[in-house]
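Participant: Below is the structure I would like to discuss, written out as structure tokens.
The values are calculated or read from the model by the stated rules, or taken from the named source; none is laboratory data. Not measured: the values here are computed from a predicted model. Cβ placement follows ideal geometry from the backbone for every residue including glycine, while neighbour counts extend to all protein chains displayed. In case anyone asks, the SASA skips ligands and DNA or RNA and just uses the protein heavy atoms, side chains included. Shrake-Rupley method; radii C 1.70, N 1.55, O 1.52, S 1.80 Å.
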Amino acid sequence: MQNNIFSPSVNIIRDSNRDLNYIPTRNGESAFNKITSAFESGTKSFNLVGAYGSGKSAFILALEKVLNNKADFFFNPIKGEVSTFEKCFIIGEYKSFKSAFCENFGIKKKEECFKEFGKELKRYSKEKTGLLIVVDEFGKFLEFAAKESPEEELYFIQQLSEVVNDPEFPVLFITTLHQAFEDYALELNKTQKNEWDKVKGRLVEITFNEPVEQLLFLASERISQKDITPSFSQSLEKNLFNAINESGAFPLKDYFSPDFARKIFPFDLLSASILTLALHNYGQNERSLFSFLESEDFLGLTDFDDGKQFFHLGNVFDYLSYNFHSFLNSKFNPHGAQWRAIFDALERTEGVFEYDFKPARELIKVIGLLSIFGRAGQRITKEFLCDYGKHALQIGNAEKIVEKLEKNQIIRFTNYNQRYVLFKGTDVDIDKELELAEDRISKDFSVVNQLRKYFNVPIFQAKRSFYETGTPRYFVTEISETPTSLEPEGSVDGYINLVFSNLIDSEAVKNVSAENNGAILYGYFKEYEGIREKLTELEKIEIVKKDCQNDSIALAELNNQSANAKETLNSLIIGSFYGQSSMIDWYFLGIKYSISSSKELNSLLSDICEKIYFNAPILKNELMNKEKLNGTISGARNKLVAMALNNSEMLDFGFRTDKYPPEKTIYLSLLKNTGIHDFNGKIARFKKPEKESYAQLWSVSETFLEECSI
């Protein structure tokens, strides 16, 4: 990223001799370190892959200056005898890369390209000077190669990378692409694609995409150079920061601080982050963001009366809707439906407020943009809208406006996630209907039966047990009103029995656990009433839904509430399994366990397997150690049985040493490695297994055969 003089795009040839005031980013530093460390170890061909405008070209110019000691943007430059690098910059065109390369090095005969190029490299080596070859927009050459002459062009790129990687030559070869190397080979045949993959492997791929947080940081650096000072008091800044903080609406991970908020003025923290996210989704990452900062766009930053107020979310909405209008309404926009809902709400607002509708429209824009780009857990309450309206939008009567919007069903407050959302309106008073529906719910409905409708029953695998024995062990969650004594069968090896009841206590579950010797982990859910309350909410929604089948808007809202209520219920139960929010008493064999994490829960399941399935043999073969064998292994088993009957006296049943069919894999795992089939130097024979874990299985098998012979 350059500062002082900004250009919306960088041309590595045009700008190579200009002053570069580069702002290093973590992404750039990472790419630099990968290139320099790999160069020192002998790898010198690289491919930078990143979206349009992610700063690859600016990074190349910064890299060249650091390599030649003209700047110190990065640390840890290349060490060794080479102290300077001559540059050869090539910009991609839809033409032969081989031809372009030869032209740049003044090589007239293409067939002698590497002979002449090798002479040049020897000269560089002798003079202890490095050569930096960069091919920007390399994809244009690849597009030509894929359509015109893939074999010839790919072979040339392969040869070039092999020459470059020769440890004798101090050369660095870097290409830049906007998409993955293999994406340019979609129309090639299988043989050509294989060659394409071979060439790709010659160049080390480095992903070069700045995270959204980094783009916001770069924007702040650029804004700070403009030296814009707010004219209002620091208390206003503090109040706005606190309002945003309380709402939890800031959508990014980093840079949420009062100091950073001051640095990005005239933006506020929400408007800056959401504009960055929007341009990241709808534009070209950094390029669109910095075009916005520098351009004379209508409704942009230069068209804004700075120093008096914030460039707030309403301004962001106006800029996006004007400059991206076609895309926002197109079928290719993943947020298209949400944008159309905002435009619809704005039109309805004008009808409700008649003349003085601008403040209400600004609040609609805030709610709409936060519904698209805000955090999942944000709280867009009336208090937040009033605070943001007062401090950022300069609206003094925001509370009355919110109430009028809500009364006219343009917005609606959803209790389940504590936020205002845009609402199309319906003749049904949903809140009132939900309140009345409570009287229609049976007072003694079965909590367990309702949970079976709404709770997504999880299945757990005992991972440590699988790793140690090779046998996959699965525990199915079973919910009940009283402790069960289920016997595992089929692919089920155990149960996690969750007991939901207000008629028995934890001690009763403990007693049943002590009497049961099976693979059952019992859990007594202590917050029974809390679960019943959540289920009551769901039942109320289902009752009102039945009454609103002919009202699509009310039905859509109720479906949304139902989905959120189900998600909350499932999160509540699963989140209660362990940790500080645990609401379950766990018991196995009468012993109470305290579980602090998912890792501990899984470890306990493995401990249960050790106690219950202690006689199971260790067989680490995933192909055959399963409940149901696939067709290949089932057929291999039959072949192995036939060989056991006919070739039992032969070494390894007579399998060829250079072939490994499926039946041989089974033989090695089950018979040879366990010592069940042994060769004493003269003859092979079956015998008692050497592996201790097979002792009980062998004994049971012998007993079975003896009983069959009677």
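Participant: Filter segment 414-437 for residues that are in contact with a strand residue (DSSP E or B) (Cβ under 6 Å, 6 or more places away or on another chain) and assigned to a loop (DSSP other than H, G, I, E, B) and give the result.
Facilitator: Scanning segment 414-437 gives a single hit, PHE423.
Participant: GLY53 is checked against (1) at pLDDT below 85; (2) closer than 23 Å to ARG202 by Cβ; (3) in contact with a helix residue (DSSP H, G or I) (Cβ under 9 Å, 6 or more places away or on another chain) and fails just one. What number does that condition carry?
Facilitator: (2)
Participant: Same structure again: For segment 671-710, which residues satisfy the criterion of being touching a strand residue (DSSP E or B) at 6+ places or on another chain (Cβ under 9 Å), of a type outside the set (Val, Ile, Thr) and closer than 17 Å to ALA616 by Cα?
Facilitator: Passing the criteria: LEU671, GLU690.
Participant: Any idea which of (1) closer than 19 Å to THR175 by Cα; (2) over 36 Å from the mean Cα position of the chain (by Cα); (3) open to solvent by 30 Å² or more (accessible area, probe 1.4 Å) is the one GLY106 doesn't satisfy?
Facilitator: All conditions pass for GLY106, except number (1).
Participant: Kindly indicate whether any position in segment 445-453 is closer than 30 Å to LEU623 by Cα, of a type outside the set (Val, Ile, Thr) and modelled with pLDDT of 90 or more.
Facilitator: no
Participant: PRO251 is checked against (1) surrounded by fewer than 22 Cβ atoms within 10 Å (Cβ to Cβ); (2) assigned to a helix (DSSP H, G or I) and fails just one. What number does that condition carry?
Facilitator: (2)
Participant: While we're looking at this one, here's another question. Residue check: is ASN415 polar (S, T, N, Q), surrounded by fewer than 18 Cβ atoms within 10 Å (Cβ to Cβ) and modelled with pLDDT of 90 or more?
Facilitator: no
Participant: Just name the residue that is farthest from ALA360 (Cα to Cα) out of those in segment 316-350 that are small (Gly, Ala, Ser) and either over 31 Å from the mean Cα position of the chain (by Cα) or surrounded by 15 or more Cβ atoms within 10 Å (Cβ to Cβ) (or both).
Facilitator: Among those that are small (Gly, Ala, Ser) and either over 31 Å from the mean Cα position of the chain (by Cα) or surrounded by 15 or more Cβ atoms within 10 Å (Cβ to Cβ) (or both), it is SER321.
Participant: Could you tell me whether any residue of segment 586-594 is assigned to a helix (DSSP H, G or I), within 21 Å of GLU507 (Cβ to Cβ), in contact with a strand residue (DSSP E or B) (Cβ under 9 Å, 6 or more places away or on another chain) and not acidic (Asp, Glu)?
Facilitator: no
Participant: Now, a different point. Please go through segment 653-681 and pick out each residue that is open to solvent by less than 80 Å² (accessible area, probe 1.4 Å) and assigned to a helix (DSSP H, G or I).
Facilitator: PHE653, GLY654, PRO662, GLU663, LYS664, THR665, ILE666, TYR667, LEU668, SER669, LEU670, LEU671
Participant: Of all residues in segment 593-629, count the ones that are aromatic (Phe, Trp, Tyr) and more than 35 Å from the chain's Cα centre (by Cα).
Facilitator: Residues that pass the stated criteria total 2.
Participant: Another one. Would you point out which residue out of LYS126, LYS95 is modelled with pLDDT of 85 or more, surrounded by fewer than 16 Cβ atoms within 10 Å (Cβ to Cβ) and more than 39 Å from the chain's Cα centre (by Cα)?
Facilitator: LYS126
Participant: Pairs please, first residue from segment 454-482 and on the phi > 0 side of the Ramachandran plot, second anywhere and basic (Lys, Arg) and open to solvent by 40 Å² or more (accessible area, probe 1.4 Å), Cβ atoms under 8 Å, 6+ apart in sequence or on different chains.
Facilitator: Final answer for the pair search is GLY470/LYS620.
Participant: Identify the residue in segment 351-374 that is assigned to a loop (DSSP other than H, G, I, E, B) and among the charged types (D, E, K, R) and, among all such residues, is surrounded by the most Cβ atoms within 10 Å (Cβ to Cβ).
Facilitator: Ranking the candidates gives ASP356 first.
Participant: I'd like to verify a number: residues in segment 121-137 that are outside any loop (DSSP other than H, G, I, E, B) and in contact (Cβ under 8 Å) with a residue 24 or more places away in the chain, how many?
Facilitator: 11
Participant: Going by the conditions given, is ASN630 loosely packed, with under 14 Cβ neighbours inside 10 Å, closer than 25 Å to GLU468 by Cα and free of Cβ contacts under 8 Å to residues at least 40 places away in the same chain?
Facilitator: yes
Participant: Kindly evaluate PHE141 against the criterion of being over 21 Å from ALA58 (Cα atoms), touching a residue at least 24 places away in the same chain (Cβ under 8 Å), open to solvent by less than 40 Å² (accessible area, probe 1.4 Å) and not in a loop (DSSP other than H, G, I, E, B).
Facilitator: No: the conditions fail for PHE141.
Participant: Is there a residue being under 34 Å from the mean Cα position of the chain (by Cα), in contact (Cβ under 8 Å) with a residue 24 or more places away in the chain and open to solvent by 40 Å² or more (accessible area, probe 1.4 Å) anywhere in segment 161-176?
Facilitator: The answer is no; no qualifying residue exists.
Participant: Assuming LEU605 fulfils every condition listed in (1) open to solvent by 40 Å² or more (accessible area, probe 1.4 Å); (2) under 26 Å from SER465 (Cβ atoms) apart from one, which condition is it?
Facilitator: (1)
Participant: Go through segment 438-453 residue by residue and tally those that are touching a residue at least 24 places away in the same chain (Cβ under 8 Å) and part of a loop (DSSP other than H, G, I, E, B).
Facilitator: Residues meeting the conditions: 3.
Participant: Then there is this: May I ask you to list the residues in segment 543-569 that are loosely packed, with under 15 Cβ neighbours inside 10 Å and of a type in the set (Lys, Arg)?
Facilitator: LYS546 - this is the single residue of segment 543-569 that is loosely packed, with under 15 Cβ neighbours inside 10 Å and of a type in the set (Lys, Arg).
Participant: Within segment 682-709, count every residue that is among the hydrophobic types (A, V, I, L, M, F, W, C), part of a helix (DSSP H, G or I) and exposed (fewer than 12 other Cβ atoms within 10 Å of the Cβ).
Facilitator: 4
Participant: While we're on this one: Inside segment 375-395, can you point out the residues that are open to solvent by 80 Å² or more (accessible area, probe 1.4 Å) and part of a loop (DSSP other than H, G, I, E, B)?
Facilitator: Scanning segment 375-395 gives ARG375, ALA376, ARG379, GLN394.
Participant: Still on this structure, please answer the following. If you check every pair at least six apart or on different chains, which have Cβ atoms under 8 Å apart with a residue in segment 524-550 that is on the phi < 0 side of the Ramachandran plot first and a residue that is charged (D, E, K, R) and open to solvent by less than 50 Å² (accessible area, probe 1.4 Å) second?
Facilitator: Taking only residues 6 or more apart or on different chains, the pairs are TYR524/ASP585; LYS526/ASP585.
Participant: Give the residue, chosen from GLU507, GLU478, GLU489, that is farther than 18 Å from GLU539 by Cβ and in a loop (DSSP other than H, G, I, E, B).
Facilitator: None of the other options fit; the residue is GLU489.
The rows are residues; the columns are (1) over 23 Å from PHE466 (Cβ atoms); (2) basic (Lys, Arg).
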site	(1), (2)
GLU622	no, no
ASP652	yes, no
THR665	no, no
GLY681	yes, no
LYS688	yes, yes
SER699	yes, no
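Participant: Is at least one residue of segment 177-188 surrounded by fewer than 20 Cβ atoms within 10 Å (Cβ to Cβ), in a helix (DSSP H, G or I) and at pLDDT below 85?
Facilitator: Looking through segment 177-188, at least one residue is surrounded by fewer than 20 Cβ atoms within 10 Å (Cβ to Cβ), in a helix (DSSP H, G or I) and at pLDDT below 85.
Participant: What are the residues in segment 561-582 that are free of Cβ contacts under 8 Å to residues at least 24 places away in the same chain and either among the aromatic types (Phe, Trp, Tyr) or part of a helix (DSSP H, G or I) (or both), if any?
Facilitator: Within segment 561-582, ALA563, GLU567, SER571, GLY575, TYR578 qualify.
Participant: Restricting to segment 189-206, name every residue that is in a helix (DSSP H, G or I) and under 22 Å from ALA38 (Cα atoms).
Facilitator: Result: ASP197, LYS198, VAL199, LYS200.
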